Amino acid sequence: MKNLLNQLINLFEGLSRLGAVLAEICLVLLLILVFNEVIARYVLNKPTLYSVELSEYLLLFVAFMAAGWVMQNNRHVRMHSVINLMPDRVRHVLDICTSCIVLVFCLILVWEGAEASLTALAGGYHSSSLLNVPLWIPYAIIPIGSLILSLQILVHIVRLIWPPISSNNS
């Protein structure tokens, strides 16, 4: 059982790392795209038609795909000034409770995001720009990133409940 649990944890953490690497690549692409747009608009006086829309999609990808890695490395925003005033046991219980609440929220994002993506796919929705991007593609980023975050939160909860479970980042 413990071996299976460790394999699942390694799989989920691998997905978080993969999401982070893909987010880093998209962040570099976003940098290049914005730099290109600045040169095209202000130096050549010929703005592109695609950079704003692609920038939005890339930024969405970066935010959602990196969220699992941020959770894996315990870098999400916390109210340390309040938490540090509490006894360790209370902090531990609150961490479990808040993680469960966040997990429920993420699972709702997975469900609703998948529903929106499938609706856009079935309805043939496209962006109204000249790029005419099928909207199911950017819509799908939300449930995929939320699923990766959900799995990483599950790992966090398991480690809070069963501390001896191995951790690569502790």
>> Please go through (1) surrounded by fewer than 13 Cβ atoms within 10 Å (Cβ to Cβ); (2) over 14 Å from the mean Cα position of the chain (by Cα) for S99 and return the number of the only condition it doesn't satisfy.
In response: (1)
>> So, in the stretch 6-45, how many residues would count as being touching a residue at least 24 places away in the same chain (Cβ under 8 Å), touching a helix residue (DSSP H, G or I) at 6+ places or on another chain (Cβ under 7 Å) and not acidic (D, E)?
In response: 14
>> If I filter the stretch 149-166 down to residues being of a type in the set (A, V, I, L, M, F, W, C) and open to solvent by 20 Å² or more (accessible area, probe 1.4 Å), which single residue comes out as modelled with the lowest pLDDT?
In response: W162
>> I'd like to check something: does the stretch 10-24 contain any residue that is open to solvent by less than 60 Å² (accessible area, probe 1.4 Å), out of contact with any His (no Cβ under 9 Å at 6 or more places or on another chain) and closer than 23 Å to V133 by Cα?
In response: yes
>> If I filter the stretch 128-148 down to residues being open to solvent by less than 40 Å² (accessible area, probe 1.4 Å), among the hydrophobic types (A, V, I, L, M, F, W, C) and without any contact (Cβ under 8 Å) to a residue 40 or more places away in the chain, which single residue comes out as nearest to W111 (Cα to Cα)?
In response: A140
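Of everything in the stretch 50-72, what is under 15 Å from L151 (Cβ atoms) and either out of contact with any helix residue (DSSP H, G or I) (no Cβ under 6 Å at 6 or more places or on another chain) or without any contact (Cβ under 8 Å) to a residue 12 or more places away in the chain (or both)? Give them in sequence order. Quick ask: steps written out before the conclusion?
Kept after step one, since they are under 15 Å from L151 (Cβ atoms), are these residues of the stretch 50-72: 64-72.
Across the stretch 50-72, the qualifying residue is only V70.
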>> Looking only at the stretch 29-75, how many residues end up being surrounded by fewer than 12 Cβ atoms within 10 Å (Cβ to Cβ) and under 17 Å from the mean Cα position of the chain (by Cα)?
In response: 2
> Between a first residue in the stretch 88-99 that is over 12 Å from I157 (Cβ atoms) and a second residue that is surrounded by 13 or more Cβ atoms within 10 Å (Cβ to Cβ) and at pLDDT below 95, which pairs have beta carbons less than 7 Å apart while being 6 or more apart in sequence or on different chains?
Replying inline: R91/I83
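Which residue out of V77, V82 is part of a helix (DSSP H, G or I), modelled with pLDDT under 95, of a type in the set (A, V, I, L, M) and under 24 Å from F105 (Cβ atoms)?
On the way: V77 fails: part of a helix (DSSP H, G or I).
Exactly one residue qualifies, and that residue is V82.
The values are calculated or read from the model by the stated rules, or taken from the named source; none is laboratory data. The shown structure was predicted, so the numbers you read here are calculated from the model rather than taken from an experiment. Positions of Cβ are generated from backbone atoms using ideal geometry, with glycine treated the same way; all protein chains shown enter the neighbour counts. Side chains are part of the model used for accessible areas, which takes the heavy atoms of the whole protein and leaves out ligands, DNA and RNA. Shrake-Rupley method; radii C 1.70, N 1.55, O 1.52, S 1.80 Å.
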